[in-house]
1. Estimate the FRET efficiency between Asp7 and Asn60 by the formula 1/(1 + (r/R0)^6), using the beta-carbon distance for r and 22 Å for R0, to the nearest 0.05.
2. Where does helix 8-28 land angle-wise versus the long Cα axis of the chain, in degrees 0 to 90, nearest 10?
3. Accessible area per residue for the chain in Å², computed with a 1.4 Å probe and the full protein assembly in place, what is it?
4. With θ set to phi - 60° and the Karplus curve 6.51 cos²θ - 1.76 cosθ + 1.60, what are the ³J(HN,Hα) couplings of the range 53-59 in order, to the nearest whole Hz, using x for Gly and Pro?
5. For the chain, modelled as a Gaussian network with Cα springs under 10 Å, which listed residue fluctuates most, Glu20, Glu55, Glu65?
6. Which of the chymotrypsin sites (Phe, Trp or Tyr not before Pro) across the range 1-48 are loop residues per DSSP, with 13 or fewer other Cβ within 10 Å?
7. For the chain, which whole percent of the accessible surface, found with a 1.4 angstrom probe, sits on carbon and sulfur atoms?
8. Out of Ile47, Ile22, Ile11, any idea which swings most in a Gaussian network model of the chain, alpha carbons joined below 10 Å?
Amino acid sequence: MMVKPDDEPLIREAARKISEGIRLYERNYAFRDYQDLLAMVALQYTIDSMRKEKELSYRNHELSERLQQIDRTLSI
């Protein structure tokens, strides 16, 4: 895998987290092969990412509304 030197620490951290997730699922669930474990980890990280995106979108919307309120108050 070719990566930019600046991305290497991030990729190593991601690989470490994936390995930890695989070990966790390996200890807690019956599995047929490592592809099953990898799929479970990928699904978990995707769900986590989607939750964070939703939370960030809500916060951005809320912040935008508050800024508009401040702007209206200051415009009076």
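The values are calculated or read from the model by the stated rules, or taken from the named source; none is laboratory data. Keep in mind that what you see is a predicted model, and the values were worked out from it rather than measured. FYI the Cβ positions are ideal-geometry reconstructions off the backbone, even for glycines, and counts take in every protein chain you see. All accessible areas refer to the heavy atoms of the entire protein, side chains included, with ligands and DNA or RNA removed. Shrake-Rupley method; radii C 1.70, N 1.55, O 1.52, S 1.80 Å.
1. The calculated FRET efficiency here is 0.25.
2. Roughly 60 degrees, rounded to the nearest 10.
3. Numbers: 7230 Å² over 76 residues.
For the chain, the solvent-accessible area averages 95 Å² per residue.
4. Rounded to whole hertz, the list is 4, 5, 5, 5, 4, 4, 5.
5. It is Glu65.
6. Answer by residue number: Tyr29.
7. Numbers: 4110 of 7230 Å².
Roughly 57 percent, rounded to a whole number.
8. Comparing Ile47, Ile22, Ile11 in the GNM, the peak value goes to Ile11.
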